1. Using Cα springs under 10 Å in a Gaussian network model of the chain, which residue among Thr106, Thr262, Thr76 shows the largest mean-square fluctuation?
2. Per DSSP H run of n ≥ 4, the term is -39500 (n - 2.57); total these for the chain, divide by its residue number, and report the mean residue ellipticity at 222 nm rounded to 500 deg cm²/dmol.
3. On alpha-carbon atoms, Rg over Rh for the chain using Kirkwood Rh?
4. Within segment 192-318, what percent of beta bridges assigned by DSSP are antiparallel, to the nearest 5?
5. Return one number: the angle in degrees, 0 to 90 and rounded to the nearest 10, between the long axis of the Cα atoms of helix 41-53 and the longest principal axis of the Cα atoms of the chain.
6. Once amide H atoms are placed 1.01 Å from N in the peptide plane, what residues at a sequence separation of 5 or more from Thr124, or on another chain, have their amide H within under 5 Å of its amide H?
7. Return one number: the angle in degrees, 0 to 90 and rounded to the nearest 10, between the long axis of the Cα atoms of helix 66-79 and the longest principal axis of the Cα atoms of the chain.
8. Using protein chains only and a probe of 1.4 angstrom, how many square angstrom of His175 are accessible, to the nearest 10?
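The values are calculated or read from the model by the stated rules, or taken from the named source; none is laboratory data. Keep in mind the model is a prediction, meaning the values are calculated, not measured. Virtual Cβ from ideal backbone geometry, glycine too; neighbours counted across all protein chains shown. These accessible areas exclude ligands, DNA and RNA; they are computed on the full protein's heavy atoms, side chains included. Shrake-Rupley method; radii C 1.70, N 1.55, O 1.52, S 1.80 Å.
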Amino acid sequence: MTLGRITPETTRLDEAARAGWLYYVAGNTQDEIARKLGVSRQSAQRLVSLAMSERLVKVRIDHPIAACMDLSLALTARYGLRSCEVVPSDPDAPELLTGVAIAAATEIERRLKLPDPQIIALGTGRALRACVEQMPRMSCPQHRIVSLLGNMMADGSATPYNATIGMADRVGARHYPYPLPVLARDPEELRLLQGQEAVRHTLELCSRADLTLVGIGNMGRSAPLYVDGFISEAEMEILEAAGATGEITSWIYDANGVPIDTEFNSRVASAPLPEARGRDVVAIAVGHAKVAAIRGAMAGGLINGLITNESTAAALLD
């Protein structure tokens, strides 16, 4: 078979792989698969069986679906990415995290199997926590897992969706939490907090990370920073007026991926946004609400890798 040529056989395997993904990953019934693929229930059953007999299904779908590959190549070319993986979307659940979580876990597992010590820096959020849940149990004492941002609210309670401790526990690696709140009260307090020896060491590890994985947050009233109480209504109005489009590890940036010079950013205690030119900085993000934020991050070179799904990838290219 010539590379790139679509034949009846590749189309049939594409359909089988899609059916297998909908059944084994998205948890659809055969009736639901039949409706989503526009085939009879018997055809859906045969496609799922074919996915198994052709060994397309192990724990993960092991067949590169042509449509996903095309989207991945188009995103890579348009935004100059070093890596891009697009997983199938469930038409009824376009923001389902399972597929991207499995893809991200696969990449982390590949890194952790390297004999040379690796530093993996993690952001936070629902996507990264879902990724942790897909990781196998491993023993990797030679590697280090480090957090990119504080794990405490202003009142001292733990932030939700922290991924570092859970990841380190699953893979038996040393872990380095970031022992600060997400936000300082003012720039002077931030300077004092970041002067602590433990914080300086964590920041130094973040700057040397071999792989950095982050989530991307949208702005507006559905923004995680707003919903979780880090940004007030008045602050959100100021940020929106300044062109706020997205955030990575609490750093807020505009449509061009440029961090905004605002009072809020002056209090962010997270590690500085990594330099994406020389290292792998990969975002895990899905959903139409995040399209503008993902575009900004890619346009500004804040990330050089992306793991997303078909629905989001198509919107990014629209």
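1. Among Thr106, Thr262, Thr76, the largest mean-square fluctuation in the Gaussian network model of the chain belongs to Thr262.
2. After summing the helix terms and dividing by residue count, I get -12000 deg cm²/dmol.
3. 1.00
4. Roughly 45 percent of the beta bridges in segment 192-318 run antiparallel, per DSSP.
5. 70
6. Gly215, Thr249
7. In the chain, helix 66-79 runs at an angle near 30 degrees to the longest axis.
8. 80
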